[in-house]
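What follows is calculated from the coordinates using simple rules that are stated; it is not laboratory data. Keep in mind that what you see is a predicted model, and the values were worked out from it rather than measured. So basically every Cβ, Gly included, is an ideal-geometry build from the backbone, and we count neighbours across all protein chains shown.
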Amino acid sequence: MTRVLNETGPDAGVAWHHGDPLREQRRLEAGEATVDLSHRPVFTVSGPDRLTWLHALTSQAFEGLAPGQHTTAFILDPNGRIEHVFGGVDDGETFWAHTEPGHLDGLLAWLRRMVFASRVELEDRSATHAMVIAAGGPRVVARDELDAVLGDVRAGTWASEAVRIAAGQPRVFLDTDEKTIPNEVAMPEGDRLGAGVHLHKGCYRGQETVARVHTLGRPPRRLTLLLLDGSEERLPEVGADVLADGRVVGRMGTSAIHHELGAIGLALVKRNTPVDLPLEVEGIAAAQEVLVDPEVGLHVRPRLR
C-alpha cells in the first residue's frame, strides 16, 4: 500500500495520503475508510467520580454520558477563551480521551491541579493506545491492534482534514487563537453550541462569557468557510492575515484540497465583515460561505423571550 507521510506540522508522522487522496475522501465520507491518528496523545480519566468531575470543570455535560458515546469538551479561561480541548469515550469504568499533539502536558497539568478530593486518576496512555477514525467515528485502540483495526481501506490526513474543513468543524489551536471564545466558531443548535459546549448545564469557568454572548448574539468574530482560488496551486499558511480591500479583517486557519469544493479553508473574520465581500489571503482570492451567522442574535433572542 502506498503511504506518503506528513513530514512537518501537527500531524507529522502519520499518513498524509495513500496514493489517491481525493478517492480517499469519498471513501471516508461514505464511512468505508479508516484514518491513522496515532500521533495524537491519549490519556484516561478513571475513578467513580470521573464524569461528575469532568462535568464540573468543562464546558460539556458529562453527567449521564452513555458508554460508547463520543463527546468533546473545552476548558475555558475566566474570560471564556478556549485554553484546552479534548474528546473521548467512556467505557463504563474509564473515560478514554485524546487531544491535540503538543498539548497533553499542559492539559494534564491543569487537570491534576483540579483533583482535590475527587476520586479520579489521570494517566498518559499514549505509549500503549492510539486514536483512529474507524467505522465513521473516532476510537481509541490498543497500539498492538492498530494495524488490524486500520485494515486495508485507509485514508490519510489530507482526506480527514478536507472532510472536516468542508463540514465547518474547527480544529482548536489551528483554526483558533488565544482569544477565541466558543461562540465565534459554532452556531447554537438546541442545547448545544457546536460539539464542545452544552448551553444548559451547571456553572463552569468561563460560562459567564459564553452565556452573555449567546444571549446578546454578538461574538466579536465569526468562523467562515473560504472558497479559495485554486488556480494559485498553493494553500495559505495557518495564522496568515485575511484581507478585505487591503485591510486585515481576520486570521487564516487550516486549508485543504477537497474532492468537490476544490481549495477550501477556515478563517476567523471580524463579525461585521460583509458576507459577500471578496477576501484575500497571501495573494489568494477567496469567497465566503457563512458558518457562523453575523446576525446570530436574531436566531437566539426570540427563543429567550
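With the helix formula -39500 (n - 2.57) applied to DSSP H stretches of n ≥ 4, the chain reaches a computed 222 nm mean residue ellipticity of -5500 deg cm²/dmol. Loop-located trypsin sites (Lys or Arg not before Pro) across the stretch 152-189 with a Cβ neighbour count of 15 or fewer within 10 Å are LYS179, with loop assigned by DSSP.
Under the rule a/c < 1.5 gives rounded, and otherwise a/b versus b/c splits prolate from oblate, where does the stretch 200-305 land using the Cα gyration tensor? Prolate is the answer for the stretch 200-305, as a/c is 1.5 or above and a/b outweighs b/c. Relative contact order for the stretch 183-268: 26 percent, from Cα pairs under 8 Å spaced at least 6 residues apart, divided by residue count.
Length available on full extension from LEU146 to HIS200: 0.36 nm per residue minus the Cα-Cα distance, which gives 15.7 nm.
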